[in-house]
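The values are calculated or read from the model by the stated rules, or taken from the named source; none is laboratory data. These figures come from a predicted structure and were not determined experimentally. Note: ideal-geometry Cβ built from the backbone for every residue, glycine included; neighbour counts use all protein chains shown.
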Amino acid sequence: MSAGVEGSDAVDADRLTGTMPRRKSERERTAEQELVEAQQELAAARQDRDQHHQHHDHHVFVEPQEDRWRWRRKIRQYPRRLAVYRVAVGIAGLLMICLGFVSGPIPGPGGIPLVLLGLAIWSSEFKWAHRLMLQFKVQLRRFQTWSRRKQVLFWAAFVATCGLLGFTFMLLTGIPGWVPPPVEMLLQRLPGL
């Protein structure tokens, strides 16, 4: 052994050589707390669903005592109004989801936000949509706990996948007629189009 390691004059002998764990930022701690809360809420919703299935009660609607808005509690007091209201909620949610699918290929923020809005409308009245919305929130909060690098890689992969799907679609069907002429000229430069 060398004298530097054995001797008391070795400065590094008393230091830890491992790396210190990185301290989490306030944003990361908050996101993790929200993720845990969302997972607990989802677990409670699943437990509630399982209890309903055990009693052979296949009720898919949100219960009146679970409602946080007074105007909806008033509607729920009258069966005829409630039936009309639920049909209207179902149609409004379906309309938003259909608009989301139709506007998805069109440039701009049409598709995904409209589908999520339709799901949010449904989740106000239907338990299955509420559970689906909770699962979406859990995944969103899990994404928020990722490191910045992992989030950037995810979005890069997402954009690349969307671009590849769009390119494949145009290879099979051609450039859509609604594309503006300057964009069409750029697309014609791509191989195979």
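From the list Gly93, Gly118, exactly one residue is in contact with a Ser or Thr (Cβ under 9 Å, 6 or more places away or on another chain), modelled with pLDDT of 90 or more and assigned to a helix (DSSP H, G or I). Which is it?
Testing whether each residue is in contact with a Ser or Thr (Cβ under 9 Å, 6 or more places away or on another chain), modelled with pLDDT of 90 or more and assigned to a helix (DSSP H, G or I) leaves just Gly93.
Criterion first (more than 27 Å from Glu41 (Cβ to Cβ) and surrounded by 12 or more Cβ atoms within 10 Å (Cβ to Cβ)) does Leu190 satisfy it?
no
Just checking, does region 175-187 include any residue being charged (D, E, K, R), under 30 Å from Ala44 (Cα atoms) and surrounded by 12 or more Cβ atoms within 10 Å (Cβ to Cβ)?
No, region 175-187 contains no residue that is charged (D, E, K, R), under 30 Å from Ala44 (Cα atoms) and surrounded by 12 or more Cβ atoms within 10 Å (Cβ to Cβ).
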